[in-house]
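See structure below.
The values are calculated or read from the model by the stated rules, or taken from the named source; none is laboratory data. All values reported here derive from a predicted model rather than from experimental measurement. Glycine gets a Cβ as well: all are built from the backbone with ideal geometry, and neighbour counts include every protein chain shown. Side chains included, ligands, DNA and RNA excluded: accessible areas come from the protein's heavy atoms. Shrake-Rupley method; radii C 1.70, N 1.55, O 1.52, S 1.80 Å.
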Amino acid sequence: MSKNWLETIAEKAKLSPEEAERRLRGRGVAADRAVRPARAFTIEQIAFSGEKKGKTSGAIDFLWTGLGPGVWAVTSEINLRGKSTVLEVVLWCLRGSMKNLQDDVRGWLKHISLQFSVDDERYRIAFNLIDGEPNGLLERRAPDDTFHALESFTSDEGFALVMARFMMDVLDLDVLPALQGNESEKGVVEHGWLAQSNVFYLGGEHKYLFADTQMGGLPARLLQMYVGFPWASTKIFVTTAKKELEQKRQNSDRVRRNSEANAETARTRLKAEIEVARKRIAELPNETTTGELLAKAGEAVAAATRKLSELQARASKAQADASQVNETKLRDERKVRDLRETIVATQFFNGLNPECCPRCETKVATARIKAETADFACSLCSETIPEESFEDVNKELKDAESCALASKAASERATADSKAATEAGKAASTALAKAQSELDELVRGADFATKRNAELELAQLEGALKERSKPAPKSDVDPDEDLISIAVKETEKAYNAGRTGILKALNDEILPLGQQLGIEALESVSLNSNASMSLKKGGASTSFSKVTAGERLRLRLATAIALLRVGPRLGIGRHPGLLIIDSPGKEEVAKVNLEALLAELRKITDEMEGLQVIVAGTNVDEIVGVLGEDNCRIARGENYVW
């Protein structure tokens with residue numbers, strides 16, 4: 001039994017399968033997975049209401065029920081009667097984002113709902129427009145016809161996210177990565193539901209077989225996914241990973257080349273500057289300033305520096321000592337005050353502090369109050385306290401006063417010492433500045449200083465040249481490069497083997513379908529996996545992009561129908577079976593062509609279970625004649641569809 005895809009890659013990359021899978025998964029690459037059968041998507045009911053404004057005033061009340069598989073049409077006798085609006089409302093609901101709905105029409109709408117089924121599951125999107133923003137629900141319809149909310153939204157962005165998550169999941173679709181951007185600034189972008197939903201909308205200029213743009217190879221990626229080519233998803237992701245790594249390597253190489261070019265330019269410039277610097281040094285005269293003078297000036301600076309450092313340290317110590325002694329002084333003085341206040345408080349009125357005379361109520365003078373503590377004299381009668389009244393604390397007070405006097409004297413001496421040390425430091429600083437100035441003057445006036453500067457400049461230039469002469473670092477090689485390269489080759493093998501017969505089966509269907517839909521001169525069709533289509537028509541070789549718009553529409557229809565036919569037969573494909581066609585009549589030369597197109601579409605939908613086509617056009621009689629009134633919403637004369 002042969003090795004599987006992952007085992008083969010791991011063996012060639014010399015990794016364990018577990019390690020190879022982990023690193024591939026880190027790049028978004030995984031082995032192909034079995035795709036479940038394509039799910040049938042059918043619109044069942046469209047409803048919207050509101051109020052027209054401006055010249056076209058009036059109520060809007062549109063309801064279209066009973067829709068199912070088959071061909072359905074919105075038609076009017078003249079243009080601008082609201083046909084495309086019906087399709088645009090459907091697209092808005094399915095995409096979660098408007099495609100081409102006119103701004104004025106959006107402003108008229110107040111309520112929108114769309115009911116649809118996916119296989120046997122039935123859903124409804126219903127929302128009101130509040131201040132221009134959609135506010136509503138995505139709901140599932142139960143067998144008893146009650147609706148149950150799945151998700152809600154209150155903005156354009158929220159609506160788009162809700163529908164993207166739902167549609168990508170329910171239709172089993174994968175995000176499609178692609179590398180886009182300027183040559184040096186490419187980055188990975190992801191094509192999600194908004195890009196992939198274009199497959200079932202056939203409108204515009206029909207420039208591409210799939211998608212609205214060629215950017216990022218989107219048409220080819222959509223074809224590969226909706227056809228259901230085995231290994232297509234893996235191929236898309238591994239190819240993007242390879243391009244991303246190549247872009248990283250190219251950017252690294254570009255930086256290295258630019259660095260080498262800049263270094264070469266710098267080397268040329270530096271060599272020229274070095275030559276000039278060497279000539280300048282050779283032309284300088286001999287030194288005239290004696291080394292003794294410079295040495296003496298240098299020693300003076302050094303001595304002044306040492307002295308300044310010593311005096312600064314001495315000043316710092318003196319300041320610290322003065323601060324400490326001052327603290328002691330303050331503490332001793334505080335103790336004396338506390339003792340005096342204690343004596344006064346206990347001797348006069350047992351601690352009372354009268355503010356006025358008890359007889360005449362004259363206020364006690366501040367000086368008398370202070371005298372109580374200083375002279376122990378009563379603030380009322382001026383009598384002094386007898387010493388025998390406080391002889392037990394008199395000794396303690398005298399000792400405290402003695403200490404206070406001593407600490408005060410010490411504080412004054414320390415303060416004087418600190419001030420003297422500070423002044424000495426200032427003088428030393430001035431002396432150092434003077435010595436430095438004298439040395440600088442000598443150096444500036446010395447020829448050897450000029451030579452020293454020139455030699456320094458030369459050394460700097462030579463150092464810069466040496467730095468620029470180092471080889472540029474090699475570009476970093478991503479450790480996943482070999483692994484991804486191997487994975488690309490193995491995936492290509494699996495992809496090419498898996499698609500054998502699928503393109504042939506599609507081409508075999510597209511050719512008769514194209515003829516059946518009105519391209520009578522079509523002789524051969526060759527659809528390629530890159531979403532290009534070669535044709536032979538009327539005996540001449542041509543391509544999809546070169547035929548008329550009407551023929552391009554028919555080929556797009558034929559291709560979509562071929563996908564729906566071949567998919568179930570081969571057990572592949574993801575197309576949901578819904579086609580929305582806007583104004584096919586404008587691509588026609590004759591009315592009979594439109595009638596034939598619709599007749600063939602109806603015949604095809606009768607043959608294919610689950611296919612639903614919704615058309616908008618102005619050829620009322622032709623459309624109704626083919627489809628019948630039951631399958632049409634009609635606006636006669638100047639009336640609106642809604």
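The table for this structure:
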{"read-out": "Subset of segment 203-215 [modelled with pLDDT under 80 and crowded, with 20+ Cβ neighbours inside 10 Å]", "value": "211"}
{"read-out": "Set 66, 54: member being part of a loop (DSSP other than H, G, I, E, B), under 23 Å from residue 126 (Cα atoms) and over 40 Å from the mean Cα position of the chain (by Cα)", "value": "66"}
{"read-out": "Which numbered condition residue 91 misses (of (1) in a loop (DSSP other than H, G, I, E, B); (2) out of contact with any strand residue (DSSP E or B) (no Cβ under 6 Å at 6 or more places or on another chain); (3) modelled with pLDDT of 95 or more)", "value": "(1)"}
{"read-out": "Among (1) in contact with a Gly (Cβ under 9 Å, 6 or more places away or on another chain); (2) open to solvent by less than 60 Å² (accessible area, probe 1.4 Å) - the single one residue 23 does not satisfy", "value": "(1)"}
{"read-out": "Filtered residues of segment 5-20 (kept if in a loop (DSSP other than H, G, I, E, B) and loosely packed, with under 15 Cβ neighbours inside 10 Å)", "value": "14, 16"}
{"read-out": "Restricting segment 33-44 to residues that are of a type outside the set (A, V, I, L, M) and open to solvent by 60 Å² or more (accessible area, probe 1.4 Å), the residue that is nearest to residue 68 (Cα to Cα)", "value": "37"}
{"read-out": "Some residue of segment 456-479 being under 30 Å from residue 19 (Cα atoms) and at pLDDT 85 or above", "value": "yes"}
{"read-out": "Residue that is modelled with the highest pLDDT, among those in segment 224-244 that are more than 30 Å from residue 565 (Cα to Cα) and open to solvent by 10 Å² or more (accessible area, probe 1.4 Å)", "value": "242"}
{"read-out": "Of all residues in segment 150-172 being in a helix (DSSP H, G or I) and farther than 21 Å from residue 118 by Cα, the one that is least open to solvent (accessible area, probe 1.4 Å)", "value": "158"}
{"read-out": "Residue ID - most open to solvent (accessible area, probe 1.4 Å), chosen from residues in segment 567-582 that are assigned to a loop (DSSP other than H, G, I, E, B) and at pLDDT below 85", "value": "571"}
{"read-out": "Filter result for residue 175 (open to solvent by 10 Å² or more (accessible area, probe 1.4 Å) and touching an Asp or Glu at 6+ places or on another chain (Cβ under 8 Å))", "value": "yes"}
{"read-out": "Odd one out for residue 188 among (1) open to solvent by 30 Å² or more (accessible area, probe 1.4 Å); (2) in contact with a helix residue (DSSP H, G or I) (Cβ under 8 Å, 6 or more places away or on another chain); (3) in a helix (DSSP H, G or I)", "value": "(3)"}
{"read-out": "Hits in segment 404-431 - residues which are among the aliphatic types (A, V, I, L, M), under 19 Å from residue 312 (Cα atoms) and either open to solvent by 40 Å² or more (accessible area, probe 1.4 Å) or not in a helix (DSSP H, G or I) (or both)", "value": "416, 420, 427, 431"}
{"read-out": "Test: residue in segment 532-547 that is at pLDDT below 90 and more than 17 Å from residue 608 (Cβ to Cβ)", "value": "no"}
{"read-out": "Pair list, Cβ < 7 Å and 6+ apart or interchain, from segment 135-159 residues that are at pLDDT 95 or above to residues that are exposed (fewer than 15 other Cβ atoms within 10 Å of the Cβ) and not in a strand (DSSP E or B)", "value": "135/154; 148/142"}
{"read-out": "Which listed residue, of 139, 121, is of a type in the set (Asp, Glu), over 21 Å from residue 205 (Cα atoms) and open to solvent by less than 40 Å² (accessible area, probe 1.4 Å)", "value": "139"}
{"read-out": "2 or more residues of a type in the set (D, E, K, R): qualifying helices (runs of 4 or more DSSP H) within segment 191-304", "value": "232-283"}
{"read-out": "Residue tally, condition β-branched (Val, Ile, Thr) and farther than 20 Å from residue 218 by Cα, over segment 160-180", "value": "2"}
{"read-out": "Segment 583-593, residues that are within 19 Å of residue 634 (Cβ to Cβ) and either over 49 Å from the mean Cα position of the chain (by Cα) or at pLDDT 80 or above (or both)", "value": "591"}
{"read-out": "The listed residue being at pLDDT 85 or above and of a type in the set (A, V, I, L, M), out of 598, 564", "value": "598"}
{"read-out": "Residues within segment 508-528 that are over 38 Å from the mean Cα position of the chain (by Cα) and in a loop (DSSP other than H, G, I, E, B), tallied", "value": "5"}
{"read-out": "Residue satisfying all of: in segment 434-455; of a type in the set (Gly, Ala, Ser), assigned to a helix (DSSP H, G or I) and open to solvent by less than 60 Å² (accessible area, probe 1.4 Å); modelled with the lowest pLDDT among these", "value": "449"}
{"read-out": "Hey, residue 78 assigned to a strand (DSSP E or B) and of a type in the set (A, V, I, L, M) or not", "value": "no"}
{"read-out": "Residue identified as open to solvent by less than 10 Å² (accessible area, probe 1.4 Å) and of a type in the set (A, V, I, L, M, F, W, C) among 564, 597", "value": "597"}
{"read-out": "Pairs where the first residue, in segment 38-65, is under 13 Å from residue 90 (Cα atoms) and the second is open to solvent by 20 Å² or more (accessible area, probe 1.4 Å) and charged (D, E, K, R), C-beta under 7 Å, 6+ apart", "value": "64/633"}
{"read-out": "Residue selected from segment 605-625 under the condition in contact (Cβ under 8 Å) with a residue 60 or more places away in the chain and assigned to a helix (DSSP H, G or I), by the criterion surrounded by the most Cβ atoms within 10 Å (Cβ to Cβ)", "value": "623"}
{"read-out": "Out of 494, 505, 531, sole residue that is of a type in the set (A, V, I, L, M) and either loosely packed, with under 14 Cβ neighbours inside 10 Å or in a loop (DSSP other than H, G, I, E, B) (or both)", "value": "531"}
